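The values are calculated or read from the model by the stated rules, or taken from the named source; none is laboratory data. Bear in mind that the values here come from a model prediction, so they are computed numbers and not experimental data. A quick note on method: Cβ atoms are made from the backbone with ideal geometry, for glycine too, and the neighbour counts reach across all protein chains shown. When the accessible area is computed, the model is the full protein with side chains, heavy atoms only, and any ligands, DNA or RNA have been set aside. Shrake-Rupley method; radii C 1.70, N 1.55, O 1.52, S 1.80 Å.
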Amino acid sequence: MRPAIADALRLPGGPVDLTTIATDATPGFDGTKTDGRAALADMQVELADLQERLWAERTAGSQRRILLVLQGMDTSGKGGVLRHTIGLVDPQGIRITSFKAPTEEELAHDFLWRIEKGLPEAGYIGVFDRSHYEDVLIGRVRSFADPAEIERRYGAINDFEARLTDEGVSVVKCMLHISAAEQNDRLAARLANPDKHWKYDTSDLDERTMWSAYRQAYEIALERTGTDAAPWYVVPSDKKWYRNLAIAHILLDTLRGLDLHWPAARFDVAAEIRRLAEEAPVR
């Protein structure tokens, strides 16, 4: 059975208007915060089991892996998802890549060059904390590239993600959708707590002045790059507990869809059992 939350959050094709998607809703879940946290904890066993199967399949030559893309405005909670949701599974099978402002070397190449270097290997769940979508979001809003280049990038992203799926990568893209008011509250909370000052960036307020422009850039990106092979999920994120639960459901849905199996033994099991039984006592 497909998780109701994943179905509720997956964007259909067509135009996107983020103002019509509530940031404080809990689509597919009618419980309380306590219920949501309990439901998240209850998912750990199945998530961990399926992740281990994905990891194990690589020993038999499988090229399958998952790429989870997390995009959202500042304070939307990418770090919280990493701690509370991705933290439910074995860290040895996780690769987290955080994309900051590109370096001079990265700027000398096509925008996807550094993204290629961050892709997960077979068996891994790769997580992008920000991603190639920065190049059509901040790139568009801040005019870091000319309009023709921005237009080219939408097609380049679709071609790139189509190639990944052909190579065995399940591409799952989540936009963490928060309101301007919620972001204000979170920034205020950081300023009020000296222990959180390290998380505060003075540039965050500069970006807030362009909230509408970013919303429009997201709407264009979601519409132009949402495909059957690499769908977008818009995750209401004003409620942190629901955000974490929703991402877990989407990840679980993806893992279930891979129909993962434990690799068959590549040795004579019966013979090894006999060998072990006949082994001389260790001294």
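Quick notes on this structure:
- Restricting Gly93, Gly72, Gly79 to residues that are open to solvent by less than 10 Å² (accessible area, probe 1.4 Å) and touching an Asp or Glu at 6+ places or on another chain (Cβ under 9 Å) narrows the list to Gly93.
- The lone exception for Ala39 - which of (1) open to solvent by less than 30 Å² (accessible area, probe 1.4 Å); (2) closer than 29 Å to Gly118 by Cβ; (3) hydrophobic (A, V, I, L, M, F, W, C) it fails: (2)
- Test: residue in the range 237-258 that is over 30 Å from Asp42 (Cα atoms), aromatic (Phe, Trp, Tyr), open to solvent by less than 40 Å² (accessible area, probe 1.4 Å) and touching a strand residue (DSSP E or B) at 6+ places or on another chain (Cβ under 8 Å): no
- Test: residue in the range 270-278 that is without any contact (Cβ under 8 Å) to a residue 12 or more places away in the chain, under 28 Å from Lys173 (Cα atoms) and surrounded by fewer than 16 Cβ atoms within 10 Å (Cβ to Cβ): no
For every residue, the table says whether it meets (1) under 15 Å from the mean Cα position of the chain (by Cα); (2) farther than 22 Å from Glu134 by Cβ; (3) at pLDDT below 95.
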position: Tyr214; (1), (2), (3): no, no, no
position: Ala221; (1), (2), (3): no, no, no
position: Arg224; (1), (2), (3): no, no, no
position: Trp232; (1), (2), (3): yes, no, no
position: Ala248; (1), (2), (3): yes, yes, no
position: Leu252; (1), (2), (3): yes, yes, no
position: Gly257; (1), (2), (3): no, yes, no
position: Leu260; (1), (2), (3): no, yes, no
position: Arg266; (1), (2), (3): no, yes, yes
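- Counted residues, the range 42-67 - those being part of a loop (DSSP other than H, G, I, E, B), surrounded by 13 or more Cβ atoms within 10 Å (Cβ to Cβ) and more than 19 Å from the chain's Cα centre (by Cα): 1
- Residue satisfying condition, being in contact with a helix residue (DSSP H, G or I) (Cβ under 7 Å, 6 or more places away or on another chain) and either of a type in the set (S, T, N, Q) or part of a helix (DSSP H, G or I) (or both), within set Ala248, Ala271: Ala248
- The residue pairs whose first member lies in the range 62-78 and is more than 13 Å from Ser98 (Cα to Cα), whose second member is of a type in the set (Asp, Glu), and whose beta carbons are closer than 6 Å, counting only pairs six or more residues apart or on different chains, are Asp74/Asp204.
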